[in-house]
Each structure stands twice: as structure tokens, then as C-alpha cells.
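The values are calculated or read from the model by the stated rules, or taken from the named source; none is laboratory data. All values derive from a computational prediction rather than experimental measurement. Cβ placement follows ideal geometry from the backbone for every residue including glycine, while neighbour counts extend to all protein chains displayed. These area figures cover heavy atoms from the full protein model, side chains too; ligands, DNA and RNA do not enter into them. Shrake-Rupley method; radii C 1.70, N 1.55, O 1.52, S 1.80 Å.
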Amino acid sequence: MMFSRNTLFAAGAALAYGVSSGTAFAPSNSVGNAVSRTAPAVIQQQSQSRQYSSTQLQMAGPAQVDLTGKVAFIAGVADSSGYGWAIARSLASAGATIIVGTWPPVLKIFQNGLKRGSFDDDSTLPDGDKMVIEKVYPLDAVFDSPDDVPDEIKNNKRYAGLSGYTIEETAKAVEADYGKIDILVHSLANGPEVTKPLLETSRKGYLAASSASAYSAVSLLQKFGPIMNEGGNMLSLTYIASEAVIPGYGGGMSSAKAQLESDTRVLAFEAGRKWGVRVNTISAGPLKSRAASAIGKEPGQKTFIEYAIDYSHANAPLAQDLYNDDVGNSAMYLCSPLARTVTGVTLYVDNGLHAMGMALDSESMSDRNA
């Protein structure tokens, strides 16, 4: 399979980071409805007493995930097609209280959709109940404090009537409403020049990608860390372009994802020592979200995400569909007490595609594949 230079870019490169789940990949109806497939049952953590020895942790019974009483804030949810929604749904299935931050320009659309029941089918939990999003906060994660907001944004009609959408203000609002939280999810990204190769990317575009896709995670933890309970977890979403060349994933987005993964390790140390909070990231495979579907489409051709899904099927060790609840379930594990010693990790949830060093469907392999 041959790709043009603008073809291969992927997760985390949404043209507007708040439009979908803030990441460029989410599932396609062609490969499985976003959340219609019930994820395999995940064991829940029992509250039974544990007996410790000098070398091991003994559990009295099967491990179970129970997040009842935990509060999870997911930044970057604006519809039901992406990873942010799937993570929220998985956490809700384990009993967590769900609150989200949504990009201001699409806030009303999302809130109206929730009121109309537009997302009801995608809100169904394994026990038949519906996920409830307790509160939706306006959040523009490229602004740390009110002083950072320029007049052009303040006067923009898409922000009309809204205030308190910087990271600092959102954290204060969450603290006022809920006191402490336990789970913080960074599910957003933006690369305004993502379709440009790095050699043609401007300084402004490069820094914008870094600001929205990487530093926003640092800022979120700076502001939310003080209101996180000890033992909590921050989780972000990354992509394999952080460590391997994906032609077409430009505009500084590959650099931003590399920054995000490096920052994950540093923040795991700093936040662990300062607040007792864990920090991890998931490197997710191709999934067809609304945002991803709008990227890189040329007349008469498949979209990039369709190429990427086909490429994964042809080359990943596990030739199977990737659903957003696969990432949601992995996120639930990382955010649960089952992962209490797991921090600073990049967890690949991509059917093993990251492990491949050669494309099986390459023309150079045609004789072998015949």
C-alpha cells in the first residue's frame, strides 16, 4: 500500500482538539460502532482485606475494579465517537462520577446533544444503565490563566457568553463543586499545520502543536494535581509517531507526542513524590472519530483514517478491529487500584502494530506474500 505524504498522520492530530475527543482516532461504523460492542467483562476490585508479606501482596479473592466514590475529570470530550468518551464510559461502568471539559466553540452543541439524548445509545453501560455526565465545564486548554486569553478570543462569537474556561479557572470550578478528584484524563490535541511536512512547518504552527497537544497536559496536572487524592492517576493519549516516522503526520505533531511521552515519565516522578499521583499514557491505534474522518480526504480516495485502519489490519500482529472501548478498558485498569504501582508507562493499545519493523503488505514483500 502506497501513501502520499499527507496520508499517514494519526491519533492526536484533530484539526480542532475539542471537536471529537481531542484525538484524531476513533472507531468507524465500518469496523464497529463506537460503543455498541460491549467490552469483555472486566473484573472489579473487592474491598476485602489484604494481607501483606515481605515479598508479595495477597488478595482475599478475585481482583475487582470498583471506582465508586471516585471523581474523574476528562478533558476533551465533545461527542461519543472518540477515546475520551470511551474512557469516560468505562470509568462510569466501574462506578466513577464523570465530569468533562469541552472546547468552548462546541460546548453548546455537545450540551444540547446530551439534553436531546443524541448520545443515549453510546451511553449504555454493561449492566444496562446509562452513563451520566454529572457536569460539563468549558475548557480551552491552550490558556493556563485568564491573563493568557487574547482579546481576539474574548471577542470571538464562538466564545460569546462564556467565561472561566482556562485551565486554572476550570480546576478552581471543579474544586468548588467536588473538592478533590481521583482521575484526570487528557484527551485532546491540535496541530494547525498537521498536513505540512516538518520541513515546511512554521515556528508558529510547531509551537501551537506543542502547546495544545503536550504542554496542555503539563498545565492540567499543575492546576489539578493539588486537588487530586493520593493514589490518583493522570492519563493522556499518544501515538506511535512519537518514536517512528509516519509520513504526513506533520506540523510538529510527532514532536508534540514525543514531548508528551517524555513529560509523562518526568511528571510520574514529580507528581508521585509531590502528591502520590500516578501519570501514564496510552499509545492508541487507528480508530475512526468524527475529527479523524475530516482529515486528509481527497476526492475519489479514502480518508486517511480508512487507509490507517486497513494498514493496521494488514500489518499488525492481531488482525482485528480496534474499538474505542478497548482503549477505555485499558484506561480503566490504569486508573484503578489494580495499577497502583504502575506509573511513567506508555501502554500500547494498537493490536501490536507498534512492534512491527516491516510492512507485510509492502510491494517489496509481494513475492513472499503470494
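Side notes on the structure shown:
- Of the solvent-accessible surface of region 70-205, computed with a 1.4 Å probe and all protein chains present, 46% belongs to carbon and sulfur.
- Cα-based reach from LYS274 at 14 Å (exclusive), listing aspartates and glutamates while leaving out same-chain residues under 8 positions away: GLU230
- Lysines whose Cα lies under 21 Å from that of LYS302, excluding same-chain neighbours fewer than 8 positions away: LYS196, LYS288
- Protection-proxy order for peptides 114-121, 239-246, 206-213, each taking the mean of Cβ atoms within 10 Å per residue, highest first: 206-213, 239-246, 114-121
- Judged by the gyration tensor of its Cα atoms, with axes a ≥ b ≥ c, region 55-162 is oblate; a/c meets the 1.5 cut and b/c is at least as large as a/b.
- Coordinate range along principal axes, alpha carbons of region 191-289, Å, largest first: 43, 27, 23
- Average accessible area per residue (Å²) across region 320-370 - probe 1.4 Å, nucleic acids and ligands excluded: 51 Å²
- Cross-link partners of LYS70 among lysines (Cα-Cα below 16 Å; sequence separation of 8 or more within a chain): LYS135, LYS180
- Protein heavy-atom accessible surface, 1.4 Å probe, per residue over region 126-270: 45 Å².
- Stokes-Einstein translational diffusion, region 128-237 - Kirkwood Rh over all Cα pairs, 1.002 mPa s, 20 °C, in µm²/s: 137 µm²/s
- Rounded percent of accessible protein surface that carbon and sulfur make up, region 227-267, 1.4 Å probe: 51 percent
- Relative contact order %, region 154-296, counting alpha carbon pairs below 8 Å whose residues are six or more apart: 28 percent
- Rolling a 1.4 Å probe across all protein chains gives PHE73 an accessible area of roughly 0 Å².
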